[in-house]
Amino acid sequence: MNAVVDTERCTGCGQCESLCPAVFALYEGTARVVSAWVRPEAADPCARAIRKCPATALSLGSARALMLVGTPGDKRHWIAL
């Protein structure tokens with residue numbers, strides 16, 4: 001499974017990053033997925049972050065492909081295709 005952030009809904013509160021830093025991080029005021037796949041040890045913290053997101057901007061998906069995006073010098077993040 002992979003985590004997905006709806007950047008249009010995200011309010012940048014940072015709760016996901018504090019609950020599951022292995023998967024989520026804030027970048028320019030918006031949550032981003034920093035790990036392509038949710039590893040088994042991050043499954044519970046990730047699920048808690050998804051449940052507690054006040055903007056309901058987080059979800060789990062099963063994308064067939066993921067793409068690493070970013071520009072040199074930027075913090076890179078994963079998006080589901």
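The values are calculated or read from the model by the stated rules, or taken from the named source; none is laboratory data. Worth saying up front: this structure is predicted, and the values here are computed from it rather than measured. Don't worry about glycine lacking a Cβ; one is built from the backbone with ideal geometry, like all the others, and counts go over all protein chains shown. Please note that ligands, DNA and RNA were not included when accessible areas were found on the heavy atoms of the full protein model with its side chains. Shrake-Rupley method; radii C 1.70, N 1.55, O 1.52, S 1.80 Å.
Couple of notes before you dig in:
- Of all residues in the range 39-54, those satisfying the criterion of being at pLDDT 95 or above and part of a loop (DSSP other than H, G, I, E, B) are 53, 54.
- Subset of the range 1-17 (residues that are part of a loop (DSSP other than H, G, I, E, B) and of a type outside the set (S, T, N, Q)): 1, 6, 8, 9, 10, 12, 13, 14
- Looking only at the range 7-35, and only at residues there that are open to solvent by less than 20 Å² (accessible area, probe 1.4 Å) and farther than 13 Å from residue 60 by Cβ, the one that is modelled with the highest pLDDT: 14
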